[in-house]
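For reference, the structure discussed in these notes is given below.
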Amino acid sequence: MLGMTIITVLTFFIKAVFLVMGVNECSSHTEVLRLFQPNMGMASVVIVLAACSAAVSLYYLHSRKQTDFYESLPIKRATLFRLVVQNSLFIFLIPLVIEEAIEFVIAQQQISGGGWEIVSSSLWYLLIFAATWLTMALAMIMTGNIIVGILGFGVFASYFPIVIYNIFPIYAGSFFATYSGNTADNVYNNITNYLSPVWVGLRGMADINSGRETQIKYMMILLLWIVGLYVLCRTLYNRRPAESAGRAMAFTKANTVIKVLLVIPSALYSGIIFYSLGNASSIFWLIFGVVFGVFVIHALIECIYEFDVRAIFCHKKQLIVIMLGSLFIMASFSADLFGYDRYIPKTSSVESIEIKPSEVNSYGYWGKGEEREGLKGEEKQLALSVIKESVEVKNSAATSSSGYYEKNSKFYSLHLYLKKK
């Protein structure tokens with residue numbers, strides 16, 4: 001831990017030096033104040049520090065000799081874990097407090113303010129450090145090998161906000177003609193964005209200028225993650241088999257669940273990659289890509305689990321079940337098994353309908369906004385009847401995927417705004 005202590009102190013020393021240099025170059029009160037705000041760059045450094053700190057602090061779990069030594073100590077596992085967590089937090093917290101105190105003195109001399117920016121900066125970095133540290137700790141506890149532990153951290157940090165987050169928009173955009181990426185997946189996006197503590201911290205940094213209420217919201221979510229992760233890590237730490245050091249996974253009962261969660265999304269990505277590279281008018285490359293992805297990723301995970309190349313032929317029944325599940329999810333998009341394009345909401349639940357030409361980019365639109373209220377009353381009824389007739393034409397004649405335009409020749413789209421319940 002001496003090495004991590006030195007690295008942490010040097011990090012905050014360099015941060016203070018750059019702050020002083022930046023203050024001297026600022027020409028306005030606003031520019032100086034911005035320097036004291038938390039930022040994405042420092043948050044990324046804190047994430048790296050936290051991940052390294054957790055890996056170093058819990059590395060003994062992956063060494064049989066060190067595990068035997070710690071197990072022989074006259075101290076409970078729960079107490080030992082708590083001491084390890086406290087030690088890592090203090091190594092980060094003490095340099096952080098000293099550096100932020102220096103910032104406060106500089107702020108009072110330069111602008112006689114900046115108190116909230118400095119306090120929020122300290123809280124942000126501390127919360128991000130704790131959340132990342134516990135995420136890495138969870139990966140270290142659940143694995144018995146440092147390389148597998150690092151891979152596990154990457155999965156925990158990015159699985160929902162990156163891997164799962166992108167699957168629905170990619171497949172829906174490829175196969176659903178009525179899919180509107182900027183509206184239909186808002187709930188889906190909001191859920192997946194909060195299912196990773198590391199990602200919540202980064203999202204908070206991205207929205208740092210959105211106001212105090214937004215910052216406090218992200219801080220509270222991070223705090224909940226920290227409490228939940230600490231309880232989970234402590235529970236798993238107490239139940240972790242001592243003989244799991246050196247193995248790929250410490251809890252073998254979780255192997256199947258983890259494999260399913262990794263193979264299915266990977267196979268879906270493989271399918272869409274082959275689909276985009278091959279003949280898009282044929283579903284063959286999509287199916288081939290999914291099947292290929294299941295075989296390759298399943299074999300890779302089995303090799304990691306067993307540290308043996310011959311393990312690629314293990315668990316054939318699980319392979320078949322995973323493949324069928326992947327193909328079903330793929331078909332739910334490519335064949336629209338659940339009727340996404342056929343769904344028409346009830347008239348009573350639609351507040352208004354907006355007609356938007358395809359040439360108009362919603363992010364680059366400079367209208368005054370009156371037309372965004374959409375069609376209401378009799379016009380809304382007429383638009384809904386047109387939509388219903390279009391869907392019926394599509395179902396009977398299969399002329400186009402939405403009825404209002406031919407595929408790849410979209411002239412306009414209709415956006416339905418539902419009433420809030």
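Where a number appears in this text, it was derived from the coordinates with a stated rule and is not lab data. What you see is a predicted model; the values in this text were computed from it and never measured. Glycine gets a Cβ as well: all are built from the backbone with ideal geometry, and neighbour counts include every protein chain shown.
Show me the ranking of peptides 161-169, 51-59 by mean Cβ neighbours inside 10 Å, starting with the highest.
So the peptides 161-169, 51-59, ranked by packing, come out 51-59, 161-169.
Out of SER276, LEU327, VAL296, whose Cα points farthest toward the positive end of the dipole of the stretch 253-334 (charges: +1 Lys, Arg; -1 Asp, Glu; placed on Cβ)?
It is LEU327, whose Cα lies furthest towards the positive end.
What percentages make up the Cα-Cα pair-distance distribution of the stretch 5-60 when the bins are 5 Å wide from 0?
Spelled out per bin, shortest first, that is 4, 16, 22, 21, 14, 10, 7, 4, 2, 1, 0.
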